[in-house]
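Below: the structure, in structure tokens.
The values are calculated or read from the model by the stated rules, or taken from the named source; none is laboratory data. As the structure is a prediction and not an experimental result, all values here were calculated from the model. Cβ atoms come from the backbone with ideal geometry, glycine included; neighbour counts cover every protein chain shown. Heads up: the accessible areas ignore ligands, DNA and RNA and are worked out on the full protein's heavy atoms, side chains in. Shrake-Rupley method; radii C 1.70, N 1.55, O 1.52, S 1.80 Å.
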Amino acid sequence: MRRREFIGLVGVATVARPIVARAQQASRMRRIGLLTTFSDSDALAEGWLTAFRKGLDELGWRDGHNVQIDYRRAAGDAERLAAFAKDLVTLQPDVVFAVTTPAVASLLRETHTLPIVFAQVSDPVGSGFAASLARPGGNVTGFTNINIEASIGGKWLELVTQIAPAVRRVIMIYNPPTAPFANYYLRPFEAAGTAQGVQARPAAVDSDTEIENTLDSLAREPGGGFVVLPDTFTGIHRDQIVSLAAHYRLPAVYPFRWFAEIGGLLSYGIDSDDMFRRAASDVDRILKGEKPAELPVQAPTKFEMVINLKTAKALGIGVPPMLLATADEVIE
């Protein structure tokens, strides 16, 4: 073989090798682990996952075609959550999508190398998931479910007093084990109470009984109201919380629209479906070779206020016209 022909063949082989490698990588089935604290019978959580899959589909990833999603749903059980985290790490998927702070924490007890994208996490830096929002620096990135300053804690208290001006005592309901980030919201909540001359204090609950006892105690004197902190526990117990608010005739403000849709008085928070659709973009980028350490944690871009006018009427509350005018949706 002539030297020139030999060099030409070597050059073609050198160019062809990465092309073939990329083609093989593109054609192989990719794997996504999915860990959530909710159950498969929770219509709300399944709606979020539908939005996530829709986002993946729009980016060219179809479950069962070019990507396989391995679902693990802990249904509020901490032991199952830990076991499922270990199981997913053993499977070594290309990336894990983790829903809620406890899910991310469970995964990080098992791995600091497997890429993780999160959603519904309130304080990723304070929780130790990321070095900073701009440059997470580790194996975790995702979408925080609240604005960076967490001033929304004060906004919730202001909304309670706007819709029910007679309120003088407001508690914030949360469960410490599933909301280790609670202070992120409590500080501005308590500061807003001081500024308005309203008693604002935390109310830790960890069972159905404690929820009922806490709201029963709050209702024993006039002027009580409450705020629900966004965490797995309050999400799972949303039906009971909303039902007890109606039973004890307590004005309350909730962090997500789905509380208002089942009878809650007023909700103010992010558009969760939008966040889950957007979360698919980070999964897509990691599947295409980018690193979580270099993908900034993203804040929500859509907030919405929903007022349930039927509930307001049942509580004898006349909603101020200005508040109605600023609502994104009014349920009548």
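Before we move on, is LEU81 modelled with pLDDT of 95 or more and touching a helix residue (DSSP H, G or I) at 6+ places or on another chain (Cβ under 6 Å)?
Working: modelled with pLDDT of 95 or more: yes; touching a helix residue (DSSP H, G or I) at 6+ places or on another chain (Cβ under 6 Å): yes.
It is true that LEU81 is modelled with pLDDT of 95 or more and touching a helix residue (DSSP H, G or I) at 6+ places or on another chain (Cβ under 6 Å).
So is PHE233 within 30 Å of VAL89 (Cβ to Cβ) and either open to solvent by 10 Å² or more (accessible area, probe 1.4 Å) or hydroxyl-bearing (Ser, Thr, Tyr) (or both) or not? Full working, then the answer.
Numbers: within 30 Å of VAL89 (Cβ to Cβ): yes; either open to solvent by 10 Å² or more (accessible area, probe 1.4 Å) or hydroxyl-bearing (Ser, Thr, Tyr) (or both): yes.
So PHE233 fits the description; yes.
Mind checking whether some residue in segment 102-116 is in contact (Cβ under 8 Å) with a residue 60 or more places away in the chain, of a type outside the set (A, V, I, L, M) and over 26 Å from LEU34 (Cβ atoms)?
no
Name the one entry in ARG73, ARG53 that is closer than 21 Å to LEU91 by Cα, touching a residue at least 12 places away in the same chain (Cβ under 8 Å) and open to solvent by 60 Å² or more (accessible area, probe 1.4 Å). Show your work before the answer.
On the way: ARG73 fails: open to solvent by 60 Å² or more (accessible area, probe 1.4 Å).
Criteria check complete, one pass: ARG53.
Could you tell me how many of the residues in segment 165-180 are modelled with pLDDT under 95 and among the hydroxyl-bearing types (Ser, Thr, Tyr)?
Number satisfying all stated conditions: 1.
For the subset of segment 61-70 comprising residues that are in contact (Cβ under 8 Å) with a residue 12 or more places away in the chain and assigned to a loop (DSSP other than H, G, I, E, B), which member is surrounded by the most Cβ atoms within 10 Å (Cβ to Cβ)?
First, the residues of segment 61-70 that are in contact (Cβ under 8 Å) with a residue 12 or more places away in the chain: 61, 66-70.
Next, from what is left, pick out any that are assigned to a loop (DSSP other than H, G, I, E, B): 61, 66.
Details: TRP61: 19, ASN66: 15.
Checking each candidate, the answer is TRP61.
List, please: which pairs have Cβ atoms under 8 Å, are six or more places apart or on different chains, and start with a residue in segment 315-332 that is over 19 Å from PRO222 (Cα atoms) and end with one that is of a type in the set (D, E, K, R) and open to solvent by less than 30 Å² (accessible area, probe 1.4 Å)?
ASP328/GLU304; GLU329/GLU304
Could you grab me the full set of residues in segment 100-129 that are over 23 Å from ASP284 (Cβ atoms), hydroxyl-bearing (Ser, Thr, Tyr) and open to solvent by 10 Å² or more (accessible area, probe 1.4 Å)?
SER127
From the list VAL95, VAL121, VAL125, which one is hydrophobic (A, V, I, L, M, F, W, C) and at pLDDT 95 or above?
Working: VAL121 fails: at pLDDT 95 or above; VAL125 fails: at pLDDT 95 or above.
So the residue among VAL95, VAL121, VAL125 that is hydrophobic (A, V, I, L, M, F, W, C) and at pLDDT 95 or above is VAL95.
LEU34 passes all but one of (1) open to solvent by 90 Å² or more (accessible area, probe 1.4 Å); (2) at pLDDT 80 or above; (3) not in a helix (DSSP H, G or I); which number fails?
(1)
Restricting to segment 297-324, give me the number of residues that are on the phi < 0 side of the Ramachandran plot, open to solvent by less than 80 Å² (accessible area, probe 1.4 Å) and not in a strand (DSSP E or B). First the steps, then the outcome.
As a first pass, look at segment 297-324 and keep what is on the phi < 0 side of the Ramachandran plot: 297-315, 317-324.
From the residues that got through so far, the ones that are open to solvent by less than 80 Å² (accessible area, probe 1.4 Å) too are 297-300, 303-309, 311-312, 314-315, 317-320, 323-324.
Then keep just the ones that are not in a strand (DSSP E or B); that gives 297, 299-300, 309, 311-312, 314-315, 317-320, 323-324.
Residues meeting the conditions: 14.
Could you tell me how many of the residues in segment 265-295 are open to solvent by less than 30 Å² (accessible area, probe 1.4 Å), in a loop (DSSP other than H, G, I, E, B) and more than 19 Å from GLY154 (Cα to Cα)? First the steps, then the outcome.
Of segment 265-295, the ones open to solvent by less than 30 Å² (accessible area, probe 1.4 Å) are 265-267, 269-270, 272, 274-276, 279-280, 282-284, 286-287, 292-293, 295.
In the following step, the residues that additionally are in a loop (DSSP other than H, G, I, E, B) were identified as 265, 295.
Next cut, more than 19 Å from GLY154 (Cα to Cα) only: 295.
Selection size over segment 265-295: 1.
Of everything in segment 138-160, what is at pLDDT 95 or above, open to solvent by 40 Å² or more (accessible area, probe 1.4 Å) and more than 30 Å from GLY318 (Cβ to Cβ)? Give them in sequence order.
Within segment 138-160, no residue meets the criteria.
What tally of residues in segment 76-88 results from selecting those that are out of contact with any Lys or Arg (no Cβ under 7 Å at 6 or more places or on another chain) and open to solvent by 20 Å² or more (accessible area, probe 1.4 Å)?
8
Give just the number: which of (1) farther than 26 Å from SER39 by Cα; (2) touching a helix residue (DSSP H, G or I) at 6+ places or on another chain (Cβ under 8 Å); (3) at pLDDT 95 or above does ILE211 not satisfy?
(1)
Out of all the residues in segment 27-42, which are of a type in the set (A, V, I, L, M) and in contact with a helix residue (DSSP H, G or I) (Cβ under 9 Å, 6 or more places away or on another chain)?
First, the residues of segment 27-42 that are of a type in the set (A, V, I, L, M): 29, 32, 34-35.
If the condition is that a residue be of a type in the set (A, V, I, L, M) and in contact with a helix residue (DSSP H, G or I) (Cβ under 9 Å, 6 or more places away or on another chain), then ILE32, LEU34, LEU35 are the ones that fit.
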